[in-house]
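Heads up: the structure comes next, in structure tokens.
The values are calculated or read from the model by the stated rules, or taken from the named source; none is laboratory data. Bear in mind that the values here come from a model prediction, so they are computed numbers and not experimental data. When we count neighbours, we look across all protein chains shown, and the Cβ atoms used for this are built from the backbone with ideal geometry, even at glycine. Areas reflect the complete protein model, heavy atoms only, side chains present, ligands, DNA and RNA absent. Shrake-Rupley method; radii C 1.70, N 1.55, O 1.52, S 1.80 Å.
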Amino acid sequence: MSAQSDARLWQIVEEAAATVTDETGRFRKGDLENELRTRFAHEDLEVHARAAAADKLVQGLVRGFGERRSPKPRRQSGMFHPKGILKLGNGIWVWMDRATRNDLLEWGRLSTRNLARVATAEIDRQRYVAERLDAFREHTGFDFLGELEKTVFGYVASEAEDPFDDDDPLPDPEGLLYDGQQR
């Protein structure tokens, strides 16, 4: 998948999101999904962009398969199922029925490491929220976060790079974070 293909797909998603956004700046995930289905059904995508879309579809299906088969605490039938999957890192998965003692140890280590990363990210998120709420209280007259960020915190948009281009501070190639949720 090329950067050009990815860029084209993200452009389509961005345009679709703008289309389904209401006057308050809100949109529904389901509306965005429907708009994308419509666009992809009618869009005359370049071959490279169509291949990139197929790659993303395949990756999403594989990720979803792994999530469905991952052991979940509090499942009525228990965490073990022979057709369950343990994600061991580096793209290696093992059927639970065939998992070894070492596989179980590695899965447990990864889970603990991911929990720590998620907790750290949540601390950062809550700190950000608290700082912005304090700023809203201290600087009355602001109705929107964008205004507050620009005026109080000095946010300046940079045209140099895409701020959403693979700078995720919590890369999760194994889909272990946010159990069952897409980020």
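Condition check for residue 148 on (1) farther than 30 Å from residue 9 by Cα; (2) out of contact with any Lys or Arg (no Cβ under 7 Å at 6 or more places or on another chain): one failure, at (2). Considering the conditions (1) at pLDDT below 95; (2) out of contact with any helix residue (DSSP H, G or I) (no Cβ under 6 Å at 6 or more places or on another chain); (3) open to solvent by less than 50 Å² (accessible area, probe 1.4 Å), residue 156 is excluded by exactly one of them, (3). When the stretch 70-98 is filtered for residues that are within 24 Å of residue 59 (Cβ to Cβ) and small (Gly, Ala, Ser), the ones remaining, listed by number, are 70, 84, 89, 91.
In this structure, does residue 63 turn out to be modelled with pLDDT of 90 or more, open to solvent by 80 Å² or more (accessible area, probe 1.4 Å) and either assigned to a helix (DSSP H, G or I) or under 23 Å from residue 163 (Cα atoms) (or both)? In short, yes. Please determine, by comparing only the residues of the stretch 137-152 that are open to solvent by 100 Å² or more (accessible area, probe 1.4 Å) and part of a helix (DSSP H, G or I), which one is nearest to residue 24 (Cα to Cα). Filtering the stretch 137-152 for residues that are open to solvent by 100 Å² or more (accessible area, probe 1.4 Å) and part of a helix (DSSP H, G or I), the one nearest to residue 24 (Cα to Cα) comes out as 150.
Looking across the stretch 74-108, the residues that are within 22 Å of the chain's Cα centre (by Cα) and either of a type outside the set (D, E, K, R) or open to solvent by 30 Å² or more (accessible area, probe 1.4 Å) (or both) come down to 85, 86, 88, 89, 90, 91, 92, 93, 107. Take the conditions surrounded by 12 or more Cβ atoms within 10 Å (Cβ to Cβ) and of a type in the set (Asp, Glu) and apply them to residue 22. Does it pass? Considered against the rule, which asks whether it is surrounded by 12 or more Cβ atoms within 10 Å (Cβ to Cβ) and of a type in the set (Asp, Glu), residue 22 comes out as no.
May I ask you to say which residue of 48, 42 is of a type outside the set (A, V, I, L, M, F, W, C), exposed (fewer than 11 other Cβ atoms within 10 Å of the Cβ) and closer than 30 Å to residue 12 by Cα? None of the others qualify; the one that does is 42.
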